[in-house]
Amino acid sequence: MPGTRVRRRTAHRERRRAARRHALLAVASAVVAIGAAAGLIDAGHEDGRTTARPEPTPPPVLQPFPAVPTTRTPPTPTATPPSATPAPAPSPSRTTARPSAAPTPPPSPPPSRSAAPAPRTRLFRHPQSQVLTWVRAHPDDPRRPVIESRIATQPAAVWFAAHNPGEIAGQVRAVTRGAAAAGRTPVLVPYAIPDRDCGGASKGGAPDLAAYDAWIREFAQGLGAGAAIVILEPDAIALSDCLSASGRAARFASLARAGRILRTANPQVRVYFDGGHSGWHAPAKQAAALRAAGAAADGDGIFTNVANFHRTADETAYARRVLAALGGPATLGAVVDTSRNGNGAPAAGEWCDPAGRALGQTPTTRTGEARIDAYLWVKLPGESDGCSGAAGSFTPEYAYALATG
């Protein structure tokens, strides 16, 4: 009997211990469940979202700049279908004027918004470019320190030269988000106007203006809400003489729509229209074309010297003359491409990676010059015109010559 009582007491104690263990496990499970639920609520609402956090958009594929066009007489333009390969980015403007009647400016609609303030901030250097790729791949090249310090470290424009509906908004968004995260201002170059470069070395673009208008609307969707500079279609106005009168009018109307679309999408964006350069059209003629394209009503100013070599002093004086002839709000300004103009323009007819050129003023939005909003590197120094290397490719010998010129 004593042994039986001992066994009963032992069994009773084991049952009580088991009950306590089950109770503790239940409490612990409840705590874990509550903690997990709270974590999910915090993760879902930490930044105001009510949906899952989106995956980051892949960065755009940066496209090479095209060859510099010659001073040839342009062929009769034809619509060029979009290519499966990336279109070359634009090119230096011609250095000879072509006579044509100045376009009659149609009435422009009133500005769709007040002008964004002139940029006074640091400019964005995209982390992917041909020069950066070369620098990373050639740590022992004796030219590397000069190319890296004088070219690769400088902010430069990002070109969008392919007509790629369905993709362009994400590509632009990747750049603007990266710039916003860095607290800097990106320089963006849409380059897909139909009959681009009059079918020359940089031909390509959208198949027609309706397709271009749709592409620009998608481009605008990627602009975000931060400051940005848009260089709208290099050569699209200065190199429009190859078009018929009706073709020019249609192109200019499309450019005006583009300016309105971009500025409406993000009031912090400043849109600059094609002003050619000081060695091309007379200021009055260029201003008349700009006015017909809506630059005074639908833009924030003009750009000059893209991918060319004319000295900064010549360009700033020319830009002011164009702006004076253009009229429009006093807030209209100009930006100048200074990437390769350190030694001025080469002899007439020399356009393809000409010798003796040099880097110009480093990019800045603080020029100290009235109505000159920025000096920019729109064409990245070292990307060939087609003589020192394949057109649009980065050639270190050319880059080194510019950096030491």
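The values are calculated or read from the model by the stated rules, or taken from the named source; none is laboratory data. All figures in this text were calculated on a predicted structure; none of them were measured in a lab. FYI the Cβ positions are ideal-geometry reconstructions off the backbone, even for glycines, and counts take in every protein chain you see. Each accessible area value is taken on the protein alone, full model and side chains, heavy atoms only, with ligands, DNA and RNA left out. Shrake-Rupley method; radii C 1.70, N 1.55, O 1.52, S 1.80 Å.
If the condition is being open to solvent by less than 30 Å² (accessible area, probe 1.4 Å) and over 30 Å from ALA358 (Cβ atoms), then region 288-297 contributes ALA288, ALA289, ALA292, ALA293, GLY294, ALA295, ALA296, ALA297. So which pairs qualify, if the first residue must be in region 248-262 and in contact (Cβ under 8 Å) with a residue 24 or more places away in the chain, the second must be small (Gly, Ala, Ser) and open to solvent by 40 Å² or more (accessible area, probe 1.4 Å), the Cβ gap must be under 6 Å, and the two must be at least 6 apart or on different chains? Short answer, once both residue conditions are applied: ARG260/SER112.
Within region 298-352, being within 21 Å of VAL187 (Cα to Cα) and surrounded by fewer than 18 Cβ atoms within 10 Å (Cβ to Cβ) holds for one residue alone: THR331. Looking only at region 313-343, residues that are assigned to a loop (DSSP other than H, G, I, E, B) and farther than 18 Å from ILE151 by Cα come to 6 in all.
Screening VAL269 against (1) in contact with a Pro (Cβ under 8 Å, 6 or more places away or on another chain); (2) closer than 24 Å to ARG184 by Cβ leaves a single unmet condition, (1).
With respect to ASP385, determine if the residue is assigned to a loop (DSSP other than H, G, I, E, B), open to solvent by less than 30 Å² (accessible area, probe 1.4 Å) and either polar (S, T, N, Q) or touching a Ser or Thr at 6+ places or on another chain (Cβ under 9 Å) (or both). Against the criterion (assigned to a loop (DSSP other than H, G, I, E, B), open to solvent by less than 30 Å² (accessible area, probe 1.4 Å) and either polar (S, T, N, Q) or touching a Ser or Thr at 6+ places or on another chain (Cβ under 9 Å) (or both)), ASP385 qualifies.
Here region 198-237 is the region considered, the condition is being open to solvent by less than 10 Å² (accessible area, probe 1.4 Å) and out of contact with any helix residue (DSSP H, G or I) (no Cβ under 8 Å at 6 or more places or on another chain), and the residue that is farthest from ILE261 (Cα to Cα) is CYS198. Restricting the first member to region 286-300 and to residues that are on the phi > 0 side of the Ramachandran plot and in contact (Cβ under 8 Å) with a residue 12 or more places away in the chain, and the second to residues that are open to solvent by 10 Å² or more (accessible area, probe 1.4 Å) and not hydrophobic (A, V, I, L, M, F, W, C), the beta-carbon pairs closer than 7 Å and six or more apart or on different chains are GLY294/SER108. For region 175-194, filtered to residues that are hydrophobic (A, V, I, L, M, F, W, C) and surrounded by 19 or more Cβ atoms within 10 Å (Cβ to Cβ), the residue that is farthest from the chain's Cα centre (by Cα) is ILE193. Residue check: HIS310 meets all listed conditions (1) touching a residue at least 40 places away in the same chain (Cβ under 8 Å); (2) part of a loop (DSSP other than H, G, I, E, B) but one, namely (1). In region 156-168, the residue that is nearest to PHE124 (Cα to Cα) out of those that are open to solvent by 10 Å² or more (accessible area, probe 1.4 Å) and without any contact (Cβ under 8 Å) to a residue 60 or more places away in the chain is GLU167.
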